[in-house]
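Below is one structure, written out as structure tokens, with a few remarks after it.
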Amino acid sequence: MTDIAKNKFPWIIISAGVVLRGVQYLHNTSLCLDEARDVVAGIWDRSLSDLFAPPPAIYTPTPPAGFFVIEKLIVQAFGDSEYALRLIPLLVSVLSLFLFYYVAKQYMKPGAARFALILFAILEPLIYYSSQVKPYTIDIAVALLLFLAANYIRSNRLSFRDVILLGGVGAALIWFSSPSVFVMAGVGTVSVISAFKTKDRPKAIRIMLICLFWAVGFASHYLLYLHNLTNEYMLNAARGEQCFMPLPPKTFSDIKWFINAFFSMFEETAGFYFSKSIAAFLFLVGCISMASREKERFFLLISPLPLVLLASGLSFYAFKQRIILFLMPSLLFFISEGIEEIGDKTRNKAPMIRTLLIGLLLFHPILSAASHLFKPISLEHEEIKPVLNYISKNWKNEDMLYIHYRAHPAFIYYAKRYGFVENDYIVGVYAGDKNNQWAFSVDYLNVYTGDLDRLRGKKRVWTLFTNTPMLHKGVDEKIFFEYYLNIIGRRIDFFENDGPAVYLYDLSRSSASSSYPYDDKVRRELHWNF
């Protein structure tokens, strides 16, 4: 590759990344369950000051306070359309393309930096979350800024102005990215140890002052906001999904957790769905290579990972999928370092090995990225807008809409747009244990049948489902609802859009039940943590 081509290549890749993110944004997919919950419960009907208060009982949001503040300001300025709500994640994701390459050049060889940029531009999770009303793109951008700061600290003598600037900005960033505390703790610890090893005590003291700023920022964020978010439900949900590291590992099953979690980083988090083993292998090679060549930079990049695992083992932070997306820069840096190292070792005797590994690693991500230029990345079981449009077009004055509880957040967001008013619908009860989504009892099914019995006698009842309901002991709630509705009524119409579906039933031949035992307010209160 000529020097001119080498200079142009990164800009071509960055442009491709911008196009992929822009197209995903313009596809304007429906808000998913998590997005709708955050918007309706976290932003609507809450003032800026309310965003720092304890969250509504209906739902415990997970985004940091700063993210909600930005979204609230966007809503006030541009409205609450999907485009407005997703604007900040998109812009941050686009800016991160430039920032990623700038940081990569400081930590890696030029060839590895270019390859890392390719991965960062085309991997599916990074494109998908660029257009989600979630703070994950901010988490990645903040991690990159902190790696940039760490390299600056490493390469420069720190002035008092540097201490104030780096410390103050870092303390503020915690309010916009909760997992940034792991990156701060990691790079701060490594930087202090490095300064002491070189016997630069004044620099070590200045770095500790920066870390003190960061610690104060985290403490204020925790005391004023984060401590309100933890509840028993969230802990049980994370345990049920095996998001907490066994500490200490005692059984073979515990050991298996580490193996599954390691490969899950590359499959579910990074998006190497068909090449996770190759990505994992290259990651390990890259770690060994960088540790032997640039030990301090290796520890700077790897340091957040053991800290997240430790927090997971203490049940403070879930180690899963998008929750650890902020680790993506480190993962991609090491994978690219691995490719570069293998290329250097095999260049003379077996140059095709590097080419083969690159081909295997990029084959599916490139095909996936190309296909999503025409079809958006979406949770197909949550694309609710076509279903609501169908109901609206076929609605009659006497109709009633019954909303399965998991469809409620998205429906509330879209209700006004499709002409639904409060008297048009009722929300189904949530029968499960509000502190444990994995609990199950046959009594739950009795709650659901009793709730549906209230609809007996009505001639036209639409039942709306989206976001595949939870499986409890093998019972699919959607199938169970259909089964019971077919017993008490007659289906006269239906519309399905992959996952979301609506069924129109005539229940006029069965009389309304008067013995429903679950009409207490608590059962029918909104509960969106399921």
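Assorted remarks:
- Only residues that are buried (at least 21 other Cβ atoms within 10 Å of the Cβ) and over 13 Å from residue 335 (Cβ atoms) were counted in the stretch 108-125, giving 2.
- For the stretch 23-124, the helices (runs of 4 or more DSSP H) that sit wholly inside it and include 3 or more residues that are of a type in the set (A, V, I, L, M) are 65-78, 87-107, 110-122.
- Output for the stretch 144-187, where each listed residue is farther than 18 Å from residue 297 by Cβ and not hydrophobic (A, V, I, L, M, F, W, C): 157, 159, 161, 162, 167, 168, 170, 177, 178, 179, 180
- The stretch 356-382 - residue that is among the aliphatic types (A, V, I, L, M) and not in a helix (DSSP H, G or I) and, of those, surrounded by the most Cβ atoms within 10 Å (Cβ to Cβ): 377
- Candidate set: the stretch 389-406, residues that are at pLDDT 90 or above and in a helix (DSSP H, G or I); chosen: the one farthest from the chain's Cα centre (by Cα): 393
- Residue match in the stretch 309-316 (condition: crowded, with 19+ Cβ neighbours inside 10 Å, assigned to a loop (DSSP other than H, G, I, E, B) and hydroxyl-bearing (Ser, Thr, Tyr)): no
- None of 274, 262 is at pLDDT 85 or above, assigned to a helix (DSSP H, G or I) and under 28 Å from residue 120 (Cβ atoms) except 262.
- Test: residue in the stretch 345-355 that is modelled with pLDDT under 95 and surrounded by 18 or more Cβ atoms within 10 Å (Cβ to Cβ): yes
- Qualifying residue in the stretch 372-381 (condition: within 30 Å of residue 110 (Cα to Cα) and within 20 Å of the chain's Cα centre (by Cα)): yes
The values are calculated or read from the model by the stated rules, or taken from the named source; none is laboratory data. Since the structure is predicted, the reported quantities are computational estimates derived from the model, not experimental observations. All Cβ positions, glycine included, derive from the backbone under ideal geometry; neighbour counts span all protein chains shown.
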